[in-house]
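Colleague: This is the structure I want to talk about, given as structure tokens.
The values are calculated or read from the model by the stated rules, or taken from the named source; none is laboratory data. Keep in mind the model is a prediction, meaning the values are calculated, not measured. Glycine gets a Cβ as well: all are built from the backbone with ideal geometry, and neighbour counts include every protein chain shown.
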Amino acid sequence: MDTGNSNATTDEKKGFVNETACVVGNTDITTSNSTSAVSTSPTKLDRPAPASKVDPLKLKALSMGLSKELKILLVKVESGGRQTFNISEVQEHRIPIPLSKISITNTAADVIRACRGASLKGKFKESYLPPAFSVKPNIAAETPIPRDKRNPPTPSIYLESKRDAFSPVLLQFCTDPKNAVTVIRGLAGSLRLNLGLFSTKSLVEANSDHAVEVRTQVQQPADENWDASGASQTWPCESSRSHTTIAKYAQYQASTFQESLQEEKESEDEEDEEQTPNQSAATKAQKPVGKIIKFGTNIDLSDPKRWKPQLQELLKLPAFMRVESSNNMLSHVGHTILGMNTVQLYMKVPGSRTPGHQENNNFCSVNINIGPGDCEWFAVHEHYWELINNLCEKHGVDYLTGSWWPVLEDLYSSNIPVYRFIQRPGDLVWINAGTVHWVQAVGWCNNIAWNVGPLNSYQYQLALERFEWNEVKKVKSIVPMIHVSWNVARTIKITDQDTFKMIKHCLLQSIKHIQILRDQLVAAGKKICYQSRVKDEPAYYCNECDVEVFNLLFVTSENSSKTTYVVHCEDCARAKSPLLTGVVVLEQYRTEELMKIYDGFVLVSMILSSLIVTF
């Protein structure tokens, strides 16, 4: 086989062979034979060297194993009806480091060798985030909180100028792990944001037929959540879903406002009837069912053509609050995630509820009240989410996928402090990573909201933790964290050591998962087909269990159709076919490509980073 670049030279005077091996870039190697590997041996001399010319010391050195060997692996592929070979890997032969000793200080080549030398049986499973890297604040939850401390004051920042809004101190305060939520008062005024672009009137004029998801709910006080009979307070917060248009919801919003004005006028004409204390207690014992209201939610403002003036107005915000920015992890997903890296609008009447939740994958969120009415917020630090999860289980509602409205007394008795505050028109609420929160409209108002992912260690840790918890609970992670981590490593220079270590470890674990699985498939005789990603191609999830599937895709045709294909994870693919019969394994990144990204991802000093930005 002629590789075109390898050659061997002889030195008859010294009587030994001087070998040189060369890497053959991306050149295909064509052969008529069907072998999938090629081995080379020292070139034979035309005639033996005279015995007197042989240096015994050099022969001894070779016998002691001081020579180095380059191992070239070839991958057989089909091209144009003939068999060709691509170079898969060139590696120096050396004793691999045990897999258990591999860390982020090792090179990608060390990781690959360790994986190949591990000889593991069964599926390899390790966490992407070691506990030793945790940066969570230490909160003493065991210490009983006095009643007057269970409603801590909400951090509120009053902006007086545009300069205040762009101060680095504001970013530092909002993303501080100790601060669960921050209310930024007067943001719209200081930045001269034209919130009128998001008013109901402007929305109708812009796109009256735009789709609106409607949640039908029962109107009741913000700190109460009564069951259907009105006999006791409960956690489940039921609502039915339907759809309408912006124009039709605008009519509903206006009609309820007019009805309210009429009711107020009629009540003023009547004499106020005072209740005795006993009557008041009896009323609290059993509440009448409130009236039915409709909440217009999840209105998609992602289309830059339809909503150009609205989206351009939001570019006035500081970079860390914007829908898109270089230090926002959600800007490195590579595709649209509606409501997360795009803007969503909410049209409300009094009593409209957004039930309790943490944001998808614990990302931060930005919410601006357009007005004219207020909203009331409740928030709890991420530290207490597991306690709230336990309370949800106790009351028969799923924490991750269910609809629930916490009973405040249950939280207080569990030693959980709750922030409670009013968001006025023009106020921006910054929900920090992992904060549990729920919201109710006090008046008639619109809100706009989206998610951001600041590239800091606290945000990244919480995002990865929820990514792994979602897999345990069989809930889809809306943010494909492995995919995002590789994209960040490829494009962003990280200066924070904690953030760097977490991302690097995630990449390390990803390479280990991929290489061990790849070797197991090859050893079992399974063909792996390379198919590189294309621009804007989304991340993939298993069609059965919704887990993220990165790089190695297990693909089957749906209902024997050759035009419809679905992606599975290895577990679900083997559940359908233990030997993967009828399953095509696609590889989207070559090993060398991931190795290059991994080795190129290094911690950058602040000084070097500023020089890169300057030039």
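Colleague: Can you pull out every residue in region 529-545 that is farther than 17 Å from Val585 by Cβ and exposed (fewer than 12 other Cβ atoms within 10 Å of the Cβ)?
Modeller: Listed by number, the residues that qualify are Val534, Lys535, Asp536, Glu537.
Colleague: Does any residue of region 509-519 turn out to be of a type in the set (Gly, Ala, Ser) and in a loop (DSSP other than H, G, I, E, B)? Break it down into steps so the answer makes sense when it comes.
Modeller: Filtering region 509-519 for residues of a type in the set (Gly, Ala, Ser) gives 510.
From what is left, the residues that are in a loop (DSSP other than H, G, I, E, B) are none.
No: zero hits.
Colleague: Looking only at region 104-162, which residues are without any contact (Cβ under 8 Å) to a residue 60 or more places away in the chain, surrounded by fewer than 16 Cβ atoms within 10 Å (Cβ to Cβ) and over 29 Å from Asn456 (Cβ atoms)?
Modeller: Across region 104-162, the qualifying residues are Gly117, Ser119, Lys121, Gly122, Pro146, Asp148.
Colleague: Taking the stated definitions as given, is Ala228 aliphatic (A, V, I, L, M), surrounded by fewer than 17 Cβ atoms within 10 Å (Cβ to Cβ) and assigned by TED's automatic domain parsing to the domain that holds Thr297? Steps first, answer last, please.
Modeller: Values: aliphatic (A, V, I, L, M): yes; surrounded by fewer than 17 Cβ atoms within 10 Å (Cβ to Cβ): yes; assigned by TED's automatic domain parsing to the domain that holds Thr297: yes.
Answer is yes for this residue.
Colleague: Let me ask something else. Tally time: how many residues in region 590-605 are over 20 Å from the mean Cα position of the chain (by Cα), modelled with pLDDT of 95 or more and assigned to a loop (DSSP other than H, G, I, E, B)? Please lay out each step first, then the result.
Modeller: Our first condition is that a residue be over 20 Å from the mean Cα position of the chain (by Cα); within region 590-605, this holds for 590-593, 595-596, 599-600, 602-605.
Filter again for modelled with pLDDT of 95 or more, leaving 590-593, 595-596, 599-600, 602-603.
Add one more test, that the residue is assigned to a loop (DSSP other than H, G, I, E, B), and what stays is 590, 602-603.
So the count comes out to 3.
Colleague: I'm told Thr182 meets every condition in (1) without any contact (Cβ under 8 Å) to a residue 60 or more places away in the chain; (2) not in a loop (DSSP other than H, G, I, E, B) except one. Can you identify the failing condition by its number?
Modeller: So Thr182 meets the others, but not (1).
Colleague: Could you please tell me which pairs satisfy a Cβ distance under 6 Å, a separation of 6+ or placement on different chains, a first residue in region 348-373 that is surrounded by fewer than 24 Cβ atoms within 10 Å (Cβ to Cβ), and a second residue that is of a type in the set (D, E, K, R)?
Modeller: Hits for this filter: Ser365/Glu359.
Colleague: Further, regarding this structure: Can you tell me which condition Ile492 does not meet? The list is (1) at pLDDT 95 or above; (2) more than 29 Å from Ser457 (Cα to Cα), and all the others hold.
Modeller: The failed condition is (2).
Colleague: Among the residues in region 257-266, are any part of a loop (DSSP other than H, G, I, E, B), modelled with pLDDT of 95 or more and surrounded by fewer than 18 Cβ atoms within 10 Å (Cβ to Cβ)?
Modeller: To start, the set of residues in region 257-266 that are part of a loop (DSSP other than H, G, I, E, B) comprises none.
Among the residues of region 257-266, not one is part of a loop (DSSP other than H, G, I, E, B), modelled with pLDDT of 95 or more and surrounded by fewer than 18 Cβ atoms within 10 Å (Cβ to Cβ), which makes the answer no.
Colleague: Looking at this structure, is Gly525 among the small types (Gly, Ala, Ser), in contact with a strand residue (DSSP E or B) (Cβ under 7 Å, 6 or more places away or on another chain) and part of a loop (DSSP other than H, G, I, E, B)?
Modeller: Details: among the small types (Gly, Ala, Ser): yes; in contact with a strand residue (DSSP E or B) (Cβ under 7 Å, 6 or more places away or on another chain): no; part of a loop (DSSP other than H, G, I, E, B): yes.
Answer is no for this residue.
Colleague: Let me ask something else about it. Output the residues belonging to region 112-140 that are under 25 Å from the mean Cα position of the chain (by Cα) and part of a helix (DSSP H, G or I). Explain how you work it out, then say what you get.
Modeller: Of the residues in region 112-140, the ones under 25 Å from the mean Cα position of the chain (by Cα) are 123-138.
Selection gives Pro131, Ala132, Phe133.
Colleague: Moving on. If you scan region 546-565, which residues turn out to be closer than 17 Å to Cys529 by Cβ, modelled with pLDDT under 95 and out of contact with any His (no Cβ under 7 Å at 6 or more places or on another chain)?
Modeller: Quick first cut of region 546-565, residues closer than 17 Å to Cys529 by Cβ only: 549-557, 562, 565.
Those still in the list that are modelled with pLDDT under 95 too: 556-557, 562, 565.
Once the filter is applied, which keeps residues that are closer than 17 Å to Cys529 by Cβ, modelled with pLDDT under 95 and out of contact with any His (no Cβ under 7 Å at 6 or more places or on another chain), region 546-565 yields Ser557, Lys562, Tyr565.
Colleague: Take region 358-389 and flag every residue that is in a loop (DSSP other than H, G, I, E, B) and more than 20 Å from Gln217 (Cα to Cα). So that I can check it myself, show each step before the final result.
Modeller: To start, the set of residues in region 358-389 that are in a loop (DSSP other than H, G, I, E, B) comprises 358-359, 363, 373-374, 381.
Within region 358-389, Gln358, Glu359, Phe363, His381 meet the criteria.
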